[in-house]
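A quick write-up on the structure given underneath.
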Amino acid sequence: MVPIKSPAELDAMRRVSAVLRKIIDELRPRVIVGMATQELDAQALEIMRENAVRAAFKGYRGFPANICASVNEEVVHGIPSNRILKEGDLLKVDIGIELDGFFSDSAFTVGLGKIDGRSKRLIDATKKALDLGIAQARAGNHLSDVSWAIQSHVEAQGFSVVREFVGHGIGRQMHEPPEIMNYGLPHKGVVLKEGMCLAIEPMVNAGTWEVDISENGWTALTKDRLNSAHFEHTVAITGNGPEVLTR
Ligand code: MG
Ligand code: MG
């Protein structure tokens with residue numbers, strides 16, 4: 001069953017998501033060439049502490065860091081490290097936080113300095129696919145309308161959607177039902193209702209959709225080692241359509 005949030009729970013989701021938005025707005029300009037991803041992790045933790053929220057990823061199934069920082073061929077679940085960001089890299093930052101028992105989850109991709117044209121198009125296609133998926137997150141639609149909107153845009157742009165990782169419901173837990181695939185034919189699955197909260201997160205590869213898991217047991221890598229991009233928002237389905245809580 002997909003949890004339906006009460007008005008009070010939706011307000012709590014708005015509060016935690018507004019804080020996450022603020023954290024991301026502070027962190028994003030700090031991403032610079034020459035920085036190690038573990039420095040970014042430390043800065044993220046500092047900002048989370050200033051805002052009195054908990055890093056939801058830390059310790060989740062043993063995840064060792066506060067944020068996920070995935071570079072280039074790393075799709076998701078990159079562990080911040082001493083890897084130095086260089087000109088032309090794509091960095092995906094994924095952050096989950098908890099405030100007063102409610103979770104919010106959001107991710108973004110940034111290009112460092114001058115990036116190549118195909119990587120720029122990859123980022124744009126992923127961001128647009130997220131927007132198109134969100135637009136389908138309305139009461140009465142089926143869950144796979146979101147999936148299809150994402151897949152059809154991505155593939156029309158000549159890229160591929162990752163199959164092995166999915167978006168998810170979110171609220172009193174980081175991962176609630178339903179699983180939101182980023183591919184699939186429309187008009188299938190759960191009928192969406194007011195009060196559902198969804199973390200929609202297309203992961204888009206420049207080449208093949210297939211991934212490997214790195215030897216750290218966490219990080220997904222594109223099988224062909226080409227670049228990948230990722231955007232995510234936490235969205236509430238309301239009587240007025242989708243409300244993007246983390247925007
Ligand atoms: Mg996330
Ligand atoms: Mg997520």
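All of the numbers you see were taken from the coordinates with simple rules; none came from a lab. Keep in mind the model is a prediction, meaning the values are calculated, not measured. Cβ: placed from backbone, ideal geometry, glycine included. Neighbour counts: every protein chain shown.
Pairs exceeding 28 Å between alpha-carbon atoms, taken from K5/K223; K58/K188; K22/K128; K128/K193; K22/K127: K5/K223; K58/K188. F102 sits among other residues whose Cβ lies under 12 Å from its own Cβ, and their net charge, with Lys and Arg +1 and Asp and Glu -1, is -1. In order along the stretch 10-16, phi translates into HN-Hα couplings of 4, 5, 5, 5, 5, 5, 5 Hz, rounded to whole numbers, per the Karplus curve 6.51 cos²θ - 1.76 cosθ + 1.60 with θ = phi - 60° and x for Gly and Pro.
Taking amide H positions as modeled 1.01 Å from N, with prolines and chain starts lacking one, the residues under 5 Å from T208 and 5 or more places away or on another chain are D224. Farthest toward the positive end of the dipole of the stretch 1-124, out of I47, S119, G62, is the Cα of S119, where the dipole comes from beta carbon charges about the Cα centre. Could you compute the net charge surrounding D145? Neighbours are other residues with a C-beta less than 11 Å from the C-beta of D145; K and R count +1, D and E count -1. Result for the local shell: +2. Loop exposure criterion: GluC sites (Glu not before Pro), DSSP state outside H, G, I, E and B, at most 11 other Cβ atoms within 10 Å. Applied to the chain, the longest stretch between such sites is 88-214.
Per-residue Karplus couplings for the stretch 164-177, computed as 6.51 cos²θ - 1.76 cosθ + 1.60 with θ equal to phi - 60°, are listed in order as 7, 10, 9, x, 6, x, 8, x, 6, 10, 4, 10, 10, x Hz, Gly and Pro entered as x. Rounded to the nearest 20, the size of the Cβ-charge dipole of the chain about its Cα centre is 320 debye, with Lys and Arg at +1 and Asp and Glu at -1. Using a ≥ b ≥ c from the Cα gyration tensor of the chain (square roots of the eigenvalues), is it rounded, prolate or oblate, where a/c under 1.5 gives rounded and otherwise the larger of a/b and b/c decides, a/b for prolate? Oblate, since a/c reaches 1.5 and b/c is not below a/b. Around the Cα centre of the stretch 178-225, unit charges on the Cβ atoms of Lys, Arg, Asp and Glu (plus for the first two, minus for the last two) sum to a dipole of about 180 debye. A69 sits among other residues whose Cβ lies under 9 Å from its own Cβ, and their net charge, with Lys and Arg +1 and Asp and Glu -1, is -1.
Close amide H contacts of V75 (hydrogens built in the peptide plane, cut-off under 5 Å, sequence separation of 5 or more or a different chain): A220, L221, T222. The charge dipole of the stretch 61-102, taken about its Cα centre with unit charges on the Cβ atoms of Lys, Arg (+1), Asp and Glu (-1) only, comes to about 140 debye.
Listed values for the stretch 240-247 are Karplus-derived 3J(HN,Hα) couplings in whole Hz (6.51 cos²θ - 1.76 cosθ + 1.60, θ = phi - 60°), namely 9, x, x, 10, 7, 6, 9, 10, and x replaces Gly and Pro.
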